[in-house]
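Below is one structure, written out as structure tokens; comments come after it.
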Amino acid sequence: MRHSFISTHRSCFLALALAAVALTTLACGFEGGAFGSTPTPSANRVMVPAIGNAASSGTAPDLMQEPAEAILITSPQPGQGARGTLRVEGLSDPALAQQLNVVLLDAQGKKIGTAQATAQASATPSQRSAFSAEVTVPPDLPRQTGRVQVYNGAAHLASVEVDLNGDTQVTAAPIDPQTPEAIAIIFPSPKAEVKGVVKVAAATMLGPKIVIEVIDANNQTVGHMEQTVDLSGSAPAQIMAEVPITVTTAGPGRVLVYAVNARDGATEHLSSVEVNLLP
């Protein structure tokens, strides 16, 4: 599961906020059939978490507050050479910090290393936690582009590409701790009740392949859809979808929105929101 680690410029947030406002406005037209006929789920299934839609019962996101990246990778930097032991560092939301997993992938998306991140305790419940981990790079691996993923289950994932067994030197660039979220889910709202069709609105700075999935409490997929977004402009791309779901028992679920890398098929970044599924 950019499940990606991406350094995004703070200046992008204004565009992201504007896109969020537009998406929120469009989301109001969901009930009126703004999408016309209900799309059919894609047969090409990507094995990763799910995404769902909510009614208006949840708490709407505060678009006046900048949504900072939930898992922000500060090291390694994109394209950095990695040999021997690769140290991974970053910041995470407190709710995610205690169960962060680190995975190292080769150029084909094959897992070649894993580690459990250690998080420092936050001074306050609202303060973000610093995390770190060390993962071994196989010494006999030919030089190639790889990917480091940091994730907390199906809740969130970030990633960054590295030069495996390469010596690429990257000038360390300051990374804003408040780097905006690369995939911001505008709708459904957290804890919203969803039934039949999940209506999803989001803004993304990643793509072009985006997967929207809905999973239940057993991590089983109950709805799935794929979209291609246009990233040619300077503003974040908009994601609007109606995802049919099949639910037999009421219970908690999660709506996942994630970007899939065209080179290795791995998840570059994943965002999610918890919802309540109704049969």
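Numbers at a glance
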{"quantity": "Residues of type lysines that K191 reaches as a straight line, Cα spacing below 16 Å, ignoring anything fewer than 8 places off in the same chain", "calculated": "K199"}
{"quantity": "Using a Förster distance of 30 Å, the FRET efficiency for V170-A250 (Cβ separation, nearest 0.05)", "calculated": "0.05"}
{"quantity": "Mean Cβ neighbour count within 10 Å, used as a protection proxy, ranking 104-112, 239-247 highest first", "calculated": "239-247, 104-112"}
{"quantity": "Integer Hz, Karplus 6.51/-1.76/1.60 couplings in order for the range 89-101, x for Gly and Pro", "calculated": "9, x, 10, 9, 4, x, 5, 9, 4, 7, 9, 9, 10"}
{"quantity": "Nonlocal amide H pairs with V162, under 5 Å, H built at 1.01 Å", "calculated": "G79, G146, R147, V148"}
{"quantity": "Built amide H within the under 5 Å cut-off of V243, gap 5+", "calculated": "V198, K199, V200"}
{"quantity": "Cα Rg over Rh - the range 71-164, Kirkwood", "calculated": "0.99"}
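Values in this text are rule-based calculations from the coordinates and carry no lab data. Since the model is a prediction, treat every value here as computed from it, not as a measurement. Reconstructed Cβ throughout: ideal geometry from the backbone, glycine too, with neighbour counts over all protein chains shown.
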